[in-house]
Amino acid sequence: MGTYLSTPKTEKSSEDGENDNLIYGLSSMQGWRATMEDAHAAYPDLDASTSFFGVYDGHGGKVVAKFCAKYLHQQVLKSEEYAAGDIGTSVQKAFFRMDEMMRGQRGWRELSVLGDKINKFTGMIEGLIWSPKSSDSNYQVDDWAFEEGPHSDFAGPTSGCTACVGIIRNNQLIVANAGDSRCVISRKGQAYNLSRDHKPDLEIEKERILKAGGFIHAGRVNGSLNLARAIGDTEFKQNKFLPAEKQIVTANPDINTVELCEGDEFIVLACDGIWDCMSSQQLVDFVHEQLRSETKLSAVCERVFDRCLAPSAGGEGCDNMTMILVQFKKPTQSSAPADGQSSSYKPVGHRSKTRGKQSLVVCW
């Protein structure tokens, strides 16, 4: 059956949590796939005023998704831009930083530890041999110091993952996306996409792919990858004359900044295993229906999986499934955009762009 199992794995890994401003539930399920390649991150208290949620959908392996789940939010926190209040730039830099960190001896070692049992053992051994010693005066764990070793020239993983991140600070929601995982907000029962699926046939993606020396065949980049943006996939990022954002495949995320309003009920972040089976509005309607009788948000996510799971292997409903549901505890009031920047809202699919970032006010 190739990449599919004879019977699906329907066991679900779920979690619930909350803080003063929101409640969240999440779940993941392997389904019909032979392996589980999704990962996620949920930090309702990233700092005193900020919550962080992310879904990472791996392809060609699980390690890049797991790497992002472990490190991406940490890189957001560490940046000077984050400290200055520019969350959009900090998360954009964190996406690019993932590709940088996965190179070289240290990157190879970290990915190995996150991989299968054989690679994990090898990575741990190489860590003992090659990693900088704590006695080194200039070494700090968080510096991601350069390591000598047999994999010092490692160019990065050939596998990759999508990344869709939602960061909530006070009345502002920042969404960063690379790939075809998706963030949707429900406002007075209406679904609005806060991310765009980065498929190769989109004009802006196609133009970059061709300029970088790639091609599109059967809807796939170089006849292989059905995504135009992703973290990892370094075989598509080898043009030394182009910056990271102009490579055949780029980790550069689209960024939306949304001012939350009284009618905002919840957001959903989910991998394409969900969106292959349900439209954004169908999912929002389904969640509303479930919330009439269910208060545990992870249980709502689990019911979505049961709704999407295919009866037999092959086609829609056979992918790994991961979903995070974040419900706002109380209405929030509209506020002026940060830093005095103007914002405007246009319906999904007709959003203006400035330097790859979007600023939206979804109040009306």
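Values in this text are rule-based calculations from the coordinates and carry no lab data. These numbers come from a predicted model, not from an experiment. Heads up, the Cβs are rebuilt from the backbone with ideal geometry, glycines too, and the neighbour counts pull from every protein chain shown.
Taken together, Phe67, Phe96 contain a single residue that is under 28 Å from Glu259 (Cα atoms), in a helix (DSSP H, G or I) and either out of contact with any strand residue (DSSP E or B) (no Cβ under 8 Å at 6 or more places or on another chain) or among the aromatic types (Phe, Trp, Tyr) (or both), which is Phe96. Here's a check for you: in segment 48-85, which residue that is buried (at least 22 other Cβ atoms within 10 Å of the Cβ) and β-branched (Val, Ile, Thr) is nearest to the chain's Cα centre (by Cα)? The residue in question is Val55.
For Leu309, state whether it is surrounded by 16 or more Cβ atoms within 10 Å (Cβ to Cβ), of a type in the set (A, V, I, L, M), touching a residue at least 12 places away in the same chain (Cβ under 8 Å) and farther than 30 Å from Gly214 by Cβ. Working first, answer last.
Working: surrounded by 16 or more Cβ atoms within 10 Å (Cβ to Cβ): yes; of a type in the set (A, V, I, L, M): yes; touching a residue at least 12 places away in the same chain (Cβ under 8 Å): yes; farther than 30 Å from Gly214 by Cβ: yes.
Here the answer is yes, as Leu309 does meet what is asked.
Counting only residues that are β-branched (Val, Ile, Thr) and part of a loop (DSSP other than H, G, I, E, B), which one in segment 156-183 is surrounded by the fewest Cβ atoms within 10 Å (Cβ to Cβ)? Per the stated criteria, the residue is Thr158. Of the residues Ser195, Ser186, the single one that is part of a loop (DSSP other than H, G, I, E, B) and among the hydroxyl-bearing types (Ser, Thr, Tyr) is Ser195. For beta carbons closer than 6 Å, sequence separation of 6+ or different chains, a first residue in segment 262-288 that is free of Cβ contacts under 8 Å to residues at least 60 places away in the same chain and a second that is of a type in the set (Gly, Ala, Ser), the qualifying pairs are Cys277/Gly317. A Cβ distance below 6 Å, combined with a sequence gap of six or more or placement on separate chains, defines the contacts here; from segment 18-30, residues that are touching a residue at least 40 places away in the same chain (Cβ under 8 Å) and farther than 30 Å from Thr3 by Cβ reach residues that are among the aromatic types (Phe, Trp, Tyr) and part of a strand (DSSP E or B) in the pairs Leu22/Phe328. Checking Leu269, Leu283, Leu227 one by one, the residue that is assigned to a helix (DSSP H, G or I) and crowded, with 16+ Cβ neighbours inside 10 Å is Leu283 and no other. Restricted to segment 217-237, and to residues that are touching a strand residue (DSSP E or B) at 6+ places or on another chain (Cβ under 6 Å) and touching a residue at least 24 places away in the same chain (Cβ under 8 Å), which residue is farthest from Gly156 (Cα to Cα)? Only one residue tops the list, namely Asn226.
Answer yes or no as to whether Met102 is in contact with a Cys (Cβ under 6 Å, 6 or more places away or on another chain) and in contact (Cβ under 8 Å) with a residue 40 or more places away in the chain. Spelling it out, it is not the case that Met102 is in contact with a Cys (Cβ under 6 Å, 6 or more places away or on another chain) and in contact (Cβ under 8 Å) with a residue 40 or more places away in the chain.
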